[in-house]
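One structure is given below, encoded as structure tokens.
Throughout, read-outs are computed from the coordinates displayed, never taken from laboratory work. Note that the coordinates shown come from a computational prediction; the quantities given were computed from them, not determined experimentally. Ideal geometry is used to build each Cβ from the backbone, glycine not excepted, and the neighbour counts take in all protein chains shown.
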Amino acid sequence: MTSGSYAFTVTLGLPLPQARQAVLDALQKEKFGVISEIDIAAKLKEKLGIDHPPHVILGACNPALAHQALQENPDVALALPCNVVLRADSGRTVVSALLPSVALKPFAGTNVQKSACTAEEALRRVFTNLPT
């Protein structure tokens, strides 16, 4: 797992369907639920007739942390949920997520920033525990 200036990234030696399940399992262990899923490849095919490699966005949310941040600053909803992106790459899957500290940096509030730090620690554990 790498943690750059704006995202966690890991490459799993799994095809996307199996990587998706591993990510879902790891998110659940850290109390994140997936509230949305966008199949980018399917949408590009449907809307533009373009073939695109498998590419999925999972909208992950930890309800307690989201609620804590929203109570202090309702505009935080602009940065929710946390997107976890999976994309196929030569039989493997690259998984990445924007760091919550980056996503929530523009929003004022001590609880907002605490929530961002707590969410980031949990996402770090998600990425660390994925089967590379």
Task: Members of segment 61-99 that are without any contact (Cβ under 8 Å) to a residue 40 or more places away in the chain and of a type in the set (A, V, I, L, M) - done: 64, 70, 76, 77, 78, 79, 80, 85
- [ ] Report whether or not residue 77 is surrounded by fewer than 16 Cβ atoms within 10 Å (Cβ to Cβ) and under 21 Å from residue 38 (Cα atoms).
- [x] yes
Open item on the list: Among the residues of segment 13-37, what is the count of those that are part of a loop (DSSP other than H, G, I, E, B) and either more than 14 Å from residue 125 (Cβ to Cβ) or under 12 Å from the mean Cα position of the chain (by Cα) (or both)?
Closed with: 4
Task: Enumeration of residues in segment 84-110 that are surrounded by 13 or more Cβ atoms within 10 Å (Cβ to Cβ) and basic (Lys, Arg) - done: 87, 92
Task: Scope segment 45-74; condition closer than 20 Å to residue 29 by Cα, exposed (fewer than 15 other Cβ atoms within 10 Å of the Cβ) and of a type in the set (A, V, I, L, M); matching residues - done: 64
Open item on the list: Cβ-Cβ under 9 Å, sequence separation 6+ or interchain: first residue in segment 100-115 and over 18 Å from residue 63 (Cα atoms), partner outside any helix (DSSP H, G or I) and among the β-branched types (Val, Ile, Thr). Which pairs?
Closed with: none
Task: Those helices (runs of 4 or more DSSP H) lying entirely in segment 60-132 with at least 2 residues among the small types (Gly, Ala, Ser) and touching a helix residue (DSSP H, G or I) at 6+ places or on another chain (Cβ under 7 Å) - done: 100-103, 110-128
Open item on the list: Being under 16 Å from residue 125 (Cα atoms), buried (at least 20 other Cβ atoms within 10 Å of the Cβ) and in contact (Cβ under 8 Å) with a residue 12 or more places away in the chain is the requirement here; does residue 10 meet it?
Closed with: yes
